[in-house]
Amino acid sequence: MVPGSNNDLHNAIPGNNLYAVYGTFESVIPHSTFEPYVFWRLAPGNVGLPEKRLAAAHLDEVTVGLRVKGTLSAGFDYDTEFDGQKGSLGPSSIGAWAGYAGVGKDVFPTLAAAPRVFVEGKLRLRHEKSCRP
C-alpha cells in the first residue's frame, strides 16, 4: 500500500499489504449486479505507517462485503452495500460494520442536465475492544 500523503506512487511501505478478491456477477438477481468482496490488510508493528496508533502494533484486519445494484420497475434504480470488519491491532480487537441503501429515478432523462430524485441512508458502527487487563 502507498500512503495517501506520498506523492511518489512507487514508494510503498514494505510490509503494509492489502490483499483483495472482488467479484461481479450479473443475473444472480434479475436486472441486477451482485458484487461480493473480501479485503485483508496486514502490517507488522513498527513498519512506519502514517497512522500513529498503528505504528507500534501488528495490524491484521479483514473486511467482507456485498454490493448489489440494479433497476426496478417504473424507471427506478437501486444501489446497496453492506460490509463487516474483524481483526486485531496489537492486543486490541477490531470490529465494525457499515451499510448503505439508495433508490432513485431520473425525472427527465431526455434533458441535458437530467434532474435525479433519490433517497439514501447510511449506517456505520466501529468498535475497538482492548484486550489488555
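Which net charge results for the neighbourhood of ALA98, defined as the other residues with beta-carbon distances under 9 angstrom from its beta-carbon, given Lys and Arg at +1 and Asp and Glu at -1?
Values: positive: LYS122, ARG124, ARG126; negative: GLU81, ASP83.
Neighbourhood net charge equals +1.
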> If R0 is 30 Å, what FRET efficiency do you get for LYS122 and ALA56 from their C-beta distance, rounded to 0.05?
Replying inline: 0.40
> Can you list the aspartates and glutamates whose alpha carbon sits under 15 Å from that of LYS122, skipping same-chain ones fewer than 8 residues off?
Replying inline: ASP79, GLU81, ASP83
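Where a number appears in this text, it was derived from the coordinates with a stated rule and is not lab data. Please read these numbers as outputs of a predicted model, since none were measured by experiment. Cβ: placed from backbone, ideal geometry, glycine included. Neighbour counts: every protein chain shown.
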